[in-house]
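Take a look at the structure set out below.
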Amino acid sequence: MSEAQEKMTRPIPAPAVSIETKPFWDAAAQGRFLIGRCQDCAKAYWYPRAICPHCFSGRTVLEESPGEGVIYTYSVMHRSPSGPYAIGYVTLNEGPAVLTNFVDVAPDGLAIGMKVKVRFQATEGGPPVPVFAPV
Ligand SMILES: [Zn+2]
């Protein structure tokens, strides 16, 4: 199989889990993707955190997202010990941009504006992390 057709995956290290991010990772372990939502300005945001990045309110909640969006930009790394991989930003339908890995797609199979959806990839010794694949 040539590199152009091989679907990309790569090992992802376990994320650091803190008291602030534990609810997000607990949901991820159940296959649920959570984003932040401010109760004062009503804006959604990523990554989840206690303080709203738009208005600095502390009245925030985590809400479940379908994890659907489009590729804003991406970059394919061809030289890697584990084979080619791609990272980039996804603009979620709710608005926020997510820095992520793209999986289950060939290196030449990505395009800006392509529809993608979240899935979770196992890590070694930690919770699964959100990654995105074309729908
Ligand atoms: Zn806010």
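The values are calculated or read from the model by the stated rules, or taken from the named source; none is laboratory data. These numbers come from a predicted model, not from an experiment. Here Cβ is always computed from backbone atoms with ideal geometry, including for glycine, and neighbour counts include all displayed protein chains.
Per-structure values
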| read-out | value |
| --- | --- |
| Condition met for residue 61 (more than 15 Å from the chain's Cα centre (by Cα), within 23 Å of residue 123 (Cα to Cα) and among the hydrophobic types (A, V, I, L, M, F, W, C)) | no |
| Yes/no for residue 85 being within 9 Å of the ligand (Cβ to nearest atom), under 18 Å from the mean Cα position of the chain (by Cα) and surrounded by 14 or more Cβ atoms within 10 Å (Cβ to Cβ) | no |
| Residues of the stretch 1-29 satisfying the condition of being surrounded by 11 or more Cβ atoms within 10 Å (Cβ to Cβ), at pLDDT 90 or above and within 20 Å of residue 87 (Cα to Cα) | 14, 15, 28 |
| Some residue of the stretch 1-8 being within 16 Å of residue 125 (Cα to Cα) and away from the ligand (no atom under 16 Å from the Cβ) | no |
| Of all residues making up the stretch 30-72, the number that are more than 16 Å from the ligand (Cβ to nearest atom) and surrounded by 13 or more Cβ atoms within 10 Å (Cβ to Cβ) | 10 |
| Boolean, residue 69 is of a type outside the set (Asp, Glu), modelled with pLDDT of 95 or more and in contact with a Leu (Cβ under 6 Å, 6 or more places away or on another chain) | yes |
| For residue 24: the one exception among (1) outside any loop (DSSP other than H, G, I, E, B); (2) near the ligand (Cβ under 9 Å from one of its atoms) | (2) |
| Positions within the stretch 73-94 being touching a residue at least 24 places away in the same chain (Cβ under 8 Å) and charged (D, E, K, R), in sequence order | 94 |
